[in-house]
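This report concerns only the one structure given below.
The values are calculated or read from the model by the stated rules, or taken from the named source; none is laboratory data. All of these numbers come straight from a predicted model, not from anything done at the bench. Neighbour counts run over all protein chains shown; Cβ positions are idealised from the backbone, glycine included.
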Amino acid sequence: MEKAKNILTIRRLTWAVLVLAGLLTLTAIALVVSQWNRSRGPVVRPECETVVMVSAGDTLGKLLSDQGFSARDIDAIAKMLKKDAGVSTLRADNDKIEFIRATDDAPVTRMVFRPGPWRMVELTCDDTGAWHCQAHDIERDTRVVYRAGEIHDGDSFYVAGQRAGIPAGILAYVYDLLAFEMDFERDIRAGQRFSVMYEENYQDGAKVDNGNVIAVWFQALRGNVKMYRFRKSDGTIGYYDEDGNGAIKSLKRTPINNARVTSSFNLRRKHPVLGFTRAHKGVDFRASTGTPIPSAGAGRVVARGFNKGHGNYVKIRHNGSYETLYAHMSRFAKGVGVGTNVRQGQTIGYVGSTGMSTGPHLHYEIIKNGKHVNPMTVKLPAISNLGANDKERFLNYRHVVDDAIEQLADRPDMFIQL
Ligand SMILES: [Zn+2]
């Protein structure tokens, strides 16, 4: 009995020592932490955070002035944001700014601004009252997924794509890529198969947005279309076919996505308004009045005016031998006049029914070396091709992508990291 009691006491003593040691360790850790925090400045103090969502009409100046910033600080911060973070405008309903101050009525000492889901700009005020700016990218976990689908009877590419689980934004992008090669109105048939490989961006295990389209494949009537996204050694990014030829053409066959062809190129057509045979030197796309008309390619506006047949029209000269013409516009885009340089996809005007027209549509012409050609069938030049070095790199990369596609095919739940 006595012995047992002793053992018990010894055990208690051991426990007491252990607990004491534990407490001492905790105290030591706490001391170290508080010491460390103290050396990092005012972070340990309770802070007040105000989050301001940018709404329409807000300017940086107004938002900062509301938070009590002086005109001098506002000016310094605006300059810093532009120079160090590339931020010059705020996006309403999208951007938010966090203002951090030590107490409710103290001045702001820190600001955090996110100009997009993957970028963070931090502005801090030092003891002398000077502001400093630091911009950094938020790390993303990029996963590459693969989706394949098939056109069913009566489907549009969009419907079939959504059934295959491809997000709308990616589909729109793919549509744009393929629009250089295909006529989505007449080249779509039941039984055609397609696939898309694209990126999904995750943060802390949750999907935030979609990334780039890595590869596209479409079983088209005129042969399979396959495109790979590739970064050249000079940093520029483009899409290339299997052999490394530029897949993006200098002109689009269908400037307006998803627009139905209502009248094709035909040099002996009976004119709907005039009633007699007259060449239709372009393609008509049905679209409602006011639909933006994008330039089919980069170039310079060489004519903008009105004539009885075309109504309001714009003519653009592209790379030397090509010109495009857009007719029946309801109005021209602001800032687009003769001599204006436009980029591919830039809005140059809006669909209408001016001139000799039976209803709102875009009449689109491609003129090659002064002669009208059929936009749907003309062989269009590629924007860029690869040099020998890049071509070799591309072919190696293409094999990697093809292998990945093989692994991912029929496994929609899988992803890889390229
Ligand atoms: Zn026409």
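A few points about this structure:
- Just one of the listed residues (GLU181, GLU242, GLU199) is of a type in the set (Asp, Glu), touching a residue at least 40 places away in the same chain (Cβ under 8 Å) and surrounded by fewer than 17 Cβ atoms within 10 Å (Cβ to Cβ), and it is GLU242.
- Checked against (1) touching a strand residue (DSSP E or B) at 6+ places or on another chain (Cβ under 6 Å); (2) within 13 Å of the ligand (Cβ to nearest atom), ARG278 meets all criteria but (1).
- The one condition in (1) in contact (Cβ under 8 Å) with a residue 60 or more places away in the chain; (2) away from the ligand (no atom under 16 Å from the Cβ); (3) farther than 30 Å from GLU199 by Cβ; (4) surrounded by fewer than 17 Cβ atoms within 10 Å (Cβ to Cβ) that TYR322 fails to fulfil: (4)
- Hits in segment 368-418 (condition: at pLDDT 90 or above, touching a Lys or Arg at 6+ places or on another chain (Cβ under 8 Å) and under 25 Å from TYR313 (Cβ atoms)): HIS372, PRO375
- Qualifying residue in segment 307-315 (condition: over 27 Å from the mean Cα position of the chain (by Cα), assigned to a strand (DSSP E or B) and near the ligand (Cβ under 10 Å from one of its atoms)): no
- Residue identified as within 16 Å of the ligand (Cβ to nearest atom) and either hydrophobic (A, V, I, L, M, F, W, C) or at pLDDT 95 or above (or both) among PHE218, PHE230, PHE265, PHE194: PHE265
- Test: residue in segment 98-117 that is charged (D, E, K, R), touching a residue at least 24 places away in the same chain (Cβ under 8 Å) and assigned to a loop (DSSP other than H, G, I, E, B): yes
- When TYR146 is tested against (1) exposed (fewer than 13 other Cβ atoms within 10 Å of the Cβ); (2) touching a strand residue (DSSP E or B) at 6+ places or on another chain (Cβ under 7 Å); (3) of a type outside the set (A, V, I, L, M, F, W, C), exactly one condition is not met: (1).
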